[in-house]
Amino acid sequence: MALYEHIYLARQDISAQQVETLTAQFTAIIESFGGKVEKVEYWGVKSLAYRIKKNRKAHFSLLNIDAPPAALTEMERQMGINEDILRFITIRVEALEQGQSAMMRKRDDDDRGDRPERGDRSRGPRPDRGDRGPRRPRDESAAIEEASY
């Protein structure tokens, strides 16, 4: 059987419990064709880059699937019919990713706060630059001349 990564986006106005129910339905379809879902990850509600069917946010879910192509065809057909599913994509992979996906690792990193804040500029001195020297006060008449060009 082939290995797939499948991601689908569900409408924002349904609950997380309804998204879990949708995932259970799609898992049942895969299993009825003799396949199995190796991993399920719910990524939460995220903003979309652009509106899709008048939605600005969506529930994101990932399924790692080991199934025959017919199972995927039927699952995608059911997703096309379902009005709660905005988009989906299935990618065939050589091996399924073990452990957390990159999206879940990113969320953990953001929650822990390991990275410095955006406004924090305390990276220390840069060895590739010399000293800039003292700043000289800006002359207001020079600023007016520059603006006129």
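The values are calculated or read from the model by the stated rules, or taken from the named source; none is laboratory data. None of the values given here were measured: they were computed from a predicted structure. Reconstructed Cβ throughout: ideal geometry from the backbone, glycine too, with neighbour counts over all protein chains shown.
A few remarks follow.
Rundown of residues vs (1) out of contact with any Pro (no Cβ under 9 Å at 6 or more places or on another chain); (2) of a type outside the set (D, E), yes/no style:
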residue: L3; (1), (2): yes, yes
residue: L9; (1), (2): yes, yes
residue: D13; (1), (2): yes, no
residue: Q25; (1), (2): yes, yes
residue: I29; (1), (2): yes, yes
residue: F33; (1), (2): no, yes
residue: G44; (1), (2): yes, yes
residue: L48; (1), (2): yes, yes
residue: K57; (1), (2): yes, yes
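- Residue list for segment 42-52, filter: surrounded by 11 or more Cβ atoms within 10 Å (Cβ to Cβ) and not hydrophobic (A, V, I, L, M, F, W, C): Y42, G44, K46
- Where helices (runs of 4 or more DSSP H) fall entirely within segment 41-149, those with at least 1 residues that are at pLDDT below 90 are at 102-112, 140-148.
- Of all residues in segment 1-26, those that are closer than 15 Å to P68 by Cβ and not aromatic (F, W, Y) total 4.
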